Amino acid sequence: MSRPVEFAHRERARFYEELWAFLRIPSVSAKSEHDGDTARAARWVRRQLAGAGLDAEVLPTPGHPVVVGEWRGAGPDAPTVLVYGHYDVQPPEPLELWDTPPFEPRIRDGRIYARGSADDKGQLFLHIKALEAHLATRGRLPVNVVVLAEGEEEVGSPNLVPFVKEHRERLAADTVVISDSAMFAPGLPSLLFSLRGLAYFEIHASGPRSDLHSGAYGGAVPNPANALARVIGSLHDETGRIAIAGFYDDVVTPSRETLAGIRGLPFDAEAYAREVGTVPAGGESGYSALERLWTRPSCDVNGLLSGYTGEGAKTVLPAGAMAKVSFRLVPNQSPERVKILLEEHLAKVAPAGVGFSLVELHGGRPWLATPEGPLFEAASRALERSFGSRPVLTGEGGTIPIVVELEEILGANSLLLGFALPGANMHAPNEWFATECFEKGIDTLIHLYDELAAS
Ligand code: BES
Ligand code: MN
Ligand code: MN
């Protein structure tokens, strides 16, 4: 066992205590009532980075602050690794569905239950501890390291692109390393070859000047809720394909190697059905579940609002209706183009007497990796050393909006290795992170620097 790994194992109890302190801070970026907590989480991350031996600073943005930590002891000729993560979390509601409170971490059955345990505080923390273990035992790292921790990922990173551009020099790096995703299965680590992008909108339908008596007016006055339902229905055809003209024009078919790789993965349809509580029958026909999730775009209603939804019946023809609709995108689709196509689609299908308008929520471009090279090899070996099996290459249906932007602005490649397990309840009640992945995750990231030094 290397000295940094020995250190990490010896200090494990303290690491858990510190993680507990981090998870107790309700750093919900979406809610202004938690602004004080997000600021506190940023200061907590800064203190941790400083404690690990980095020069660290909390830097303001028009939204939640960014924390930057730097260790440049490897010298100007050595490569630089930028570690990105986010200290903000999703709102925990509905609270009554949590078995234990979201901001009071508990271990049950080898799992750390808390909001942010997997997404992404727990995983960001792994990186800080790996850096600490190296610096505490050897006083040095084989590469320069910059840590970039943001507090707005869960609200679409609205201020991070300008921030990265402004601090381009300081953040300059050869590679970006991110742990904000999942392993393929317990005991089977993975490296990502892709992330889907996102284009997220509110569709507003408006009809009569106010709510009306549904008997006195129904049948003559167009109903925005009926109209919105038709519009939502028009987004897909019977085969599950998205029925917006031009939507697939920019979709690229993945390489044969990628497709063969996906086919070779041990996908367990029964375990998947148990995880989600229903069969994976959504999406386009003619593709496997993993192909749909990783290589095909999708369109989902995320929320619906209209009319009377309280107890009992109220006969009302609503004045308006609203749907939150998200599109997951694959290369080379862009959120901007999807917005234009959706606007054209709405203009085509909107019935007379109901007005439709779009509000843009967040967006992010899809990311495609170059899964090769020394960093990639080093990460494979590091994962194999701690988990005992070589990682598989996987895609990811979710989005991390800054990845493509970081690569473009900094001219770097990214390595995405996540330690959550399938079914970790990210964004849902009872989010958890396996203690085994927490412990092996720290070991892996410690090995990663050794493997980088060796290569
Ligand atoms: N960590 C997730 C992305 C993710 C989810 C990766 C599941 C791998 C598996 C990230 O925090 C996230 O939730 N992203 C949002 C982006 C949005 C808020 C702009 C998403 O994908 O919905
Ligand atoms: Mn995340
Ligand atoms: Mn998230």
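For the reader, a short list of remarks on this structure follows.
- Between GLU360 and GLU238, the simple label model (points 7 Å from Cα in the Cβ direction) yields a spacing of 3.7 nm.
- Accessible surface of the chain [probe 1.4 Å, protein heavy atoms]: carbon and sulfur percent: 50 percent
- Full extension of the chain between ALA352 and ASN430 yields a length gain of 23.6 nm, computed as 0.36 nm times the residue separation minus the alpha carbon distance.
- Scoring 9-22, 356-369 by mean Cβ neighbours within 10 Å over their residues and listing the highest first yields 356-369, 9-22.
- Ligands, DNA and RNA are left out, and with a 1.4 angstrom probe the accessible area of the range 217-303 is 58 Å² per residue.
- Full-stretch length increase - TYR217, ARG106 - with 0.36 nm per residue and alpha-carbon distance subtracted: 34.5 nm
- Positive contributions from Lys and Arg (+1) and negative ones from Asp and Glu (-1), summed over other residues with Cβ under 15 Å from the Cβ of ALA378, come out at -4.
- The chain shape via C-alpha gyration tensor axes, a/c threshold 1.5: prolate
- Per residue, in Å², the accessible surface of the range 318-370 once ligands and nucleic acids are set aside, probe 1.4 Å: 44 Å²
- With contacts taken as Cα pairs under 8 Å and at least 6 residues apart, the range 302-455 reaches a relative contact order of 20 percent.
- Treating r as the C-beta distance of ASP99 and TYR272 and R0 as 35 Å, the FRET efficiency rounds to 0.95.
- Ligands, DNA and RNA are left out, and with a 1.4 angstrom probe the accessible area of the range 34-126 is 39 Å² per residue.
- Full-stretch length increase - GLU311, GLU6 - with 0.36 nm per residue and alpha-carbon distance subtracted: 103.8 nm
- Between the range 138-176 and the range 240-273, the Cα center-to-center distance that results, in Å: 31 Å
- Between the helical axis of 335-349 and the longest alpha-carbon principal axis of the chain there is an angle of about 10 degrees.
- Prolate/oblate/rounded label for the range 9-62 (Cα gyration tensor, a/c 1.5): oblate
- Here the label points at ALA281 and THR370, each 7 Å from Cα along the C-beta direction, are separated by 4.4 nm in the simple model.
- Only DSSP H runs of four or more residues enter the estimate; each adds -39500 (n - 2.57), and after division by the residues of the chain the mean residue ellipticity at 222 nm equals -10500 deg cm²/dmol.
- For the pair the range 332-362 / the range 1-78, the C-alpha centres are spaced 41 Å from each other.
- Oblate is the label for the range 376-455, because a/c, from the alpha-carbon gyration tensor with a ≥ b ≥ c as root eigenvalues, is 1.5 or above and a/b does not exceed b/c.
- Counted by Cβ distance under 15 Å from LYS165, the other residues give a net charge of -4, where Lys and Arg count +1 and Asp and Glu count -1.
- Value of relative contact order over the chain, rounded to a whole percent, pairs C-alpha under 8 Å and six or more apart: 25 percent
The values are calculated or read from the model by the stated rules, or taken from the named source; none is laboratory data. Please read these numbers as outputs of a predicted model, since none were measured by experiment. Quick reminder, even Gly has a Cβ in these numbers, built from the backbone with ideal geometry, and neighbours come from all protein chains shown. Note: areas computed on protein heavy atoms with side chains; ligands, DNA, RNA excluded. Shrake-Rupley method; radii C 1.70, N 1.55, O 1.52, S 1.80 Å.
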